[in-house]
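Following: one structure in structure tokens, then a few remarks.
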Amino acid sequence: MPSVQNVALGLDWQAFVYMNVFLACSSFSCALPTIEPYLQELGAVGFWAYAVSIYSVGQFIASPIWGYLCSVYRSENTLYASLLIGIIGGFLYATAQSGMVILIARLLIGLYTGSQEACHRTIVVRCTADVDRTIAQAGVSTATVLGFLFGPAFAGIFFFKPLGPLYLLGVPLKLDEFTGPGWIIVAFCLISSFFVTVGLTQEQTKGLPQCVSYTEAESLRTRDQTAYQALSSPDRSDGGIRSPCTDASKLRRDFKDGVSIISITKDPDVQAARMPTRFTGIGICGLVLFVNALGFSAYETITTPLVKNDFGWDLFYADMLFVAAGIVCILVFFVIRVTSATVQDRYLLLCGVVFSTVGYGLMTEFVHNRLALPRFLLGFAAVNAAMELNRSVTMALASKILPPTSNNQGLLQGLLISCVACARIIGPMYAVWVWNVTDRDRYSQGHWIFVGLFVCFLITTIAYIACFDHLRPYRVLLLQWEKRELSKM
């Protein structure tokens, strides 16, 4: 396997990445069920909507900043700074005496979660070859979904009844179902700090050389123009991982008169001159992520009242629906793991956007004022499967479109996460507004919400197909360019 295997405590770096992302996303969702009653207890229930949405504002701000910082500074330093913000945010949330403090705490928690995901996705890009990156990014997305699902359970298990007071420097601290999420966030940040120390230092996540395996494009080479092979370096501690780059600054492969001279360059200016980056493809990836998160945040906002009004379900069955959605996401992860080695990312992502379009189409209902349960469940399953597929594959595909020698991989990962955060701000507002203005006597209140999402994905699918050629990995385009140049000799 081409990815870097640095082992600590019997685990490689990927295990620590997944655990930290899981803890960060659990920190987000563990407070959601109790924000409203907590604010009500503080006499600040008017801050409810702002307390929910300001988290995404923090995530939107932090993601590109920390993604870039993780590309240029030591991994552990950027992660420690992020975790310190999380500790402060959790402590403020647990000790808040006013609604304004809750807002500040939620903003800091959003900064912490967004920066954690950006840093860890940057580490994944740095430490994996193209052929392994889609699986690794799918693992991060699965950890994200599981964190969202299990966060409320952690808060319910540990703080289902008051446990305090706990005295800190003589000051009594309250531990109950309202303040508990704040203390959980503090504990998770401390646990993550330990994981960073033992498994995610710069030395353990320095990654592959800038140019990694061309495995995906080897079929483009003929027997006379063989693919770039690994050049192991005697001073490498990882045993010489297969890679077309060496520590030499420049080499070049020319074919002339039947004689090949090895030539590879890690100079980003030379590569950019050979084959400019197709930023249209990166833009399409951002669009897919935005629309994907817009749909997810909209339907998660209305699903509970929707199934209550249209199907007569209680809260337990609504919760089970989301549990089933989590299971679907895990199954999709295994599908990606099996297919990513043989199916190109752009074809996988095409399946995802088409599934999303069909899924939202199934959840519309023009004839009756209630949704049809079988079609709703089928569409819900399709949308959730596509949501995991779109997020996982898009993050990997965008990193492959960017040149491997670029120093902006971390910034790109952060900007993509910011697209998700922006959509999570807009999605609930869109869903609530359409829900309130829909005439219940003529349509289900979820109908026009799903119609709008269907139209968004239909437009995205058309744009995706139109730009399909711009979604090929940079390495493949570079090898094709080289092949054309060699044929002219």
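The values are calculated or read from the model by the stated rules, or taken from the named source; none is laboratory data. Here the structure is a predicted model, which means the values were calculated and not measured. Virtual Cβ from ideal backbone geometry, glycine too; neighbours counted across all protein chains shown. Just so you know, the surface numbers come from the protein's heavy atoms only, side chains and all, with ligands and any DNA or RNA stripped out. Shrake-Rupley method; radii C 1.70, N 1.55, O 1.52, S 1.80 Å.
For beta carbons closer than 8 Å, sequence separation of 6+ or different chains, a first residue in region 25-38 that is at pLDDT below 80 and a second that is assigned to a loop (DSSP other than H, G, I, E, B) and crowded, with 23+ Cβ neighbours inside 10 Å, the qualifying pairs are T34/F178.
Residue-wise test of (1) part of a helix (DSSP H, G or I); (2) modelled with pLDDT under 90; (3) farther than 22 Å from E388 by Cβ.
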site	(1), (2), (3)
L103	yes, no, yes
L107	yes, no, yes
G114	yes, no, no
R126	yes, yes, yes
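Looking across region 369-408, the residues that are within 27 Å of S56 (Cβ to Cβ), open to solvent by 20 Å² or more (accessible area, probe 1.4 Å) and either touching a residue at least 60 places away in the same chain (Cβ under 8 Å) or not in a helix (DSSP H, G or I) (or both) come down to R391, N408. Scanning region 462-489 for residues that are over 20 Å from I282 (Cα atoms), open to solvent by 60 Å² or more (accessible area, probe 1.4 Å) and either modelled with pLDDT of 85 or more or in contact with a strand residue (DSSP E or B) (Cβ under 8 Å, 6 or more places away or on another chain) (or both) yields a count of 1.
If the condition is being open to solvent by less than 20 Å² (accessible area, probe 1.4 Å) and either among the hydroxyl-bearing types (S, T, Y) or in contact with a strand residue (DSSP E or B) (Cβ under 6 Å, 6 or more places away or on another chain) (or both), then region 439-461 contributes S444, T460, T461.
All but one of (1) touching a residue at least 12 places away in the same chain (Cβ under 8 Å); (2) of a type in the set (A, V, I, L, M); (3) open to solvent by 10 Å² or more (accessible area, probe 1.4 Å); (4) in contact with a Ser or Thr (Cβ under 9 Å, 6 or more places away or on another chain) hold for I104; which doesn't? I104 satisfies all of (1) touching a residue at least 12 places away in the same chain (Cβ under 8 Å); (2) of a type in the set (A, V, I, L, M); (3) open to solvent by 10 Å² or more (accessible area, probe 1.4 Å); (4) in contact with a Ser or Thr (Cβ under 9 Å, 6 or more places away or on another chain) except (4). Counting the residues of region 30-77 that are more than 17 Å from F148 (Cβ to Cβ) and not in a helix (DSSP H, G or I) gives 5.
For S263, are the conditions met, namely being open to solvent by less than 60 Å² (accessible area, probe 1.4 Å) and at pLDDT 75 or above? It is false that S263 is open to solvent by less than 60 Å² (accessible area, probe 1.4 Å) and at pLDDT 75 or above. Against the test of being at pLDDT 85 or above, among the hydroxyl-bearing types (S, T, Y) and open to solvent by less than 10 Å² (accessible area, probe 1.4 Å), the options T134, T142 yield a single qualifying residue, T134.
Considering only residues of region 273-323 that are aromatic (F, W, Y) and surrounded by fewer than 19 Cβ atoms within 10 Å (Cβ to Cβ), which is farthest from A381 (Cα to Cα)? Ranking the qualifying residues of region 273-323, first place goes to F279.
Take I426 and decide whether it is assigned to a helix (DSSP H, G or I), open to solvent by less than 40 Å² (accessible area, probe 1.4 Å) and either more than 29 Å from A62 (Cα to Cα) or not hydroxyl-bearing (S, T, Y) (or both). For I426, the condition - assigned to a helix (DSSP H, G or I), open to solvent by less than 40 Å² (accessible area, probe 1.4 Å) and either more than 29 Å from A62 (Cα to Cα) or not hydroxyl-bearing (S, T, Y) (or both) - is not met.
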